[in-house]
Each structure stands twice: as C-alpha cells, then as structure tokens.
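Q: Take this structure, written in structure tokens, and hold onto it; I'll ask about it next.
The values are calculated or read from the model by the stated rules, or taken from the named source; none is laboratory data. Just so it is clear, the structure is predicted and the values come from calculations on it, not from any experiment. Don't worry about glycine lacking a Cβ; one is built from the backbone with ideal geometry, like all the others, and counts go over all protein chains shown.
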Amino acid sequence: MSDTVTARPRPRGFWADLRFLLGIALIVFSVAGVWLVVAAARQTVPVFAAATTLVPGQRVDADDLRVVEVALGPLQDSYASPATLHPGAVAARAVPAGELVPRDALGDAARARTTTVVVRSASDVPATVAAGSSVEVWAAAPRERGAFDTPRILIAAATVASVERDRSVMGSDGVAVEIVIERADVAATLAAIADGSSLSIVPTGASGS
C-alpha cells in the first residue's frame with residue numbers, strides 16, 4: 001500500500017493581500033470623491049445679478065442688484081456678493097440685466113476713468129441701441145453753407161447709458177444719447193459739440209440689452 005501525499009495549499013503572498021486592500025481603498029476613495037462633487041454641485045451661495053443693465057461709471061447700490069442663490073463651486077469668489085459690495089461702488093464695465101455680476105465689474109469711484117456726456121445724433125439711432133450697447137461716435141466738421149466734411153471716428157468705443165427718443169421733448173429731429181466715454185475723450189467730444197459738428201451714433205454690434 002503506497003503512501004498518499006496530501007498537497008498543502010500555498011499560503012497567499014503578501015503582495016496579493018496588499019493589492020486587495022489597495023483595490024478596496026481605491027473604490028472607497030472613488031465613491032467619496034463622487035459624493036463630494038455631487039454635494040458641492042448642490043451647494044448654493046448668494047451672489048448678485050444685475051436688476052437693470054449696468055453701464056461703466058454708474059454708481060451701483062442695492063437697488064441696482066438682486067440676490068440670487070446659485071451653485072458656482074470653486075467660481076463663487078469670482079462674482080460679487082452681499083459680503084463684497086462696498087459703499088460707493090461703480091460699474092467698471094457693462095453688465096446686462098439679469099446676468100450675474102462679476103466681482104471685477106464693480107470698482108472704486110475714485111479710480112473710475114470714465115464719465116458721461118450727452119450727444120445728439122444727426123442721423124436716426126437704430127432701435128437696437130439701448131443702455132449697455134457698445135457704439136462708435138462719428139463726427140463731420142461743419143463747412144460753409146451748411147456743408148460738412150467727410151465723417152471720421154471721434155470715439156472708437158463708448159457705452160450707451162440711455163437713449164431719449166421722444167422728439168416732442170427734444171424739440172428737434174435728433175436723438176439724445178447719453179454715452180459713457182473715457183475722460184481722455186471728453187475734450188474732443190465737447191469741442192465737436194461746440195463747433196456744430198454733425199455727430200452720429202453707430203452701433204458696433206455688441207449690445208448689453
């Protein structure tokens with residue numbers, strides 16, 4: 001009768017157990033990561049949206065803004081909120097009504113480099129031009145007998161603050177347009193108004209309305 005040799009199972013190696021534990025850890029971390037992403041996406045914070053169209057140089061207070069709750073995740077510090085609004089803030093650039101207000105769209109009045117002037121357009125102003133619209137101002141200098149020189153660009157970039165189309169109030173065929181311009185353009189603009197130049201408001205295609 002021959003002896004029977006029983007094979008003993010080989011003990012599992014250390015690396016096999018380690019790989020198993022690492023796999024479990026990776027699954028746990030993946031689930032936790034997904035949970036954190038979902039939780040962050042559901043978390044909302046109060047930020048400002050423009051109640052009306054904001055134009056550069058405009059003084060901004062609580063009446064011009066409304067608080068909305070949105071989920072912004074890591075971008076929440078990029079937008080203005082009740083905690084960041086300070087007295088005397090002015091709009092640094094146009095923000096259409098209803099859009100979230102970027103934090104850098106509000107600045108200090110003391111550092112504002114823009115101002116507003118009212119010009120009367122000799123030609124009709126398109127209906128699409130409204131508060132927040134980007135426009136050019138063209139000027140044609142007066143000549144003798146009611147003639148004018150060839151128009152040239154007086155201001156290459158301006159933002160419309162308001163448009164007055166009520167001709168009964170204006171008492172003329174022109175349209176009064178309040179525009180926001182750089183302070184460096186003020187002298188040339190006032191000179192063109194004073195010498196009777198024919199001014200025209202031309203939309204550039206970008207509109208805040």
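Q: Confirm whether residue 201 is at pLDDT 90 or above, in a strand (DSSP E or B) and surrounded by fewer than 13 Cβ atoms within 10 Å (Cβ to Cβ). Give the derivation first.
A: On the way: at pLDDT 90 or above: yes; in a strand (DSSP E or B): yes; surrounded by fewer than 13 Cβ atoms within 10 Å (Cβ to Cβ): no.
Answer is no for this residue.
Q: With respect to residue 95, is the statement that it is in contact with a Pro (Cβ under 8 Å, 6 or more places away or on another chain) and under 12 Å from residue 48 (Cβ atoms) true? Show your work before the answer.
A: On the way: in contact with a Pro (Cβ under 8 Å, 6 or more places away or on another chain): yes; under 12 Å from residue 48 (Cβ atoms): yes.
Considered against the rule, which asks whether it is in contact with a Pro (Cβ under 8 Å, 6 or more places away or on another chain) and under 12 Å from residue 48 (Cβ atoms), residue 95 comes out as yes.
Q: Taking only segment 71-107 into account, find how many residues are surrounded by 14 or more Cβ atoms within 10 Å (Cβ to Cβ), free of Cβ contacts under 8 Å to residues at least 60 places away in the same chain and either polar (S, T, N, Q) or assigned to a strand (DSSP E or B) (or both).
A: Residues in segment 71-107 being surrounded by 14 or more Cβ atoms within 10 Å (Cβ to Cβ), free of Cβ contacts under 8 Å to residues at least 60 places away in the same chain and either polar (S, T, N, Q) or assigned to a strand (DSSP E or B) (or both): 11 in total.
Q: Restrict the check to segment 122-134 and report whether at least one residue is assigned to a strand (DSSP E or B) and modelled with pLDDT of 90 or more. Full working, then the answer.
A: Our first condition is that a residue be assigned to a strand (DSSP E or B); within segment 122-134, this holds for 134.
When the remaining residues are screened for being modelled with pLDDT of 90 or more, the result is 134.
Yes, segment 122-134 contains a residue that is assigned to a strand (DSSP E or B) and modelled with pLDDT of 90 or more.
Q: Name the residue, out of 40, 32, 71, that is modelled with pLDDT under 80 and touching a helix residue (DSSP H, G or I) at 6+ places or on another chain (Cβ under 7 Å). Walk me through it before giving the result.
A: Details: 32 fails: touching a helix residue (DSSP H, G or I) at 6+ places or on another chain (Cβ under 7 Å); 71 fails: modelled with pLDDT under 80.
Every option except 40 fails the conditions.
Table: residues versus (1) at pLDDT below 95; (2) outside any strand (DSSP E or B); (3) in contact with a strand residue (DSSP E or B) (Cβ under 7 Å, 6 or more places away or on another chain).
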position	(1), (2), (3)
145	yes, yes, no
154	no, no, yes
163	yes, no, yes
169	yes, yes, no
173	yes, yes, no
176	yes, no, yes
180	yes, no, yes
185	yes, yes, yes
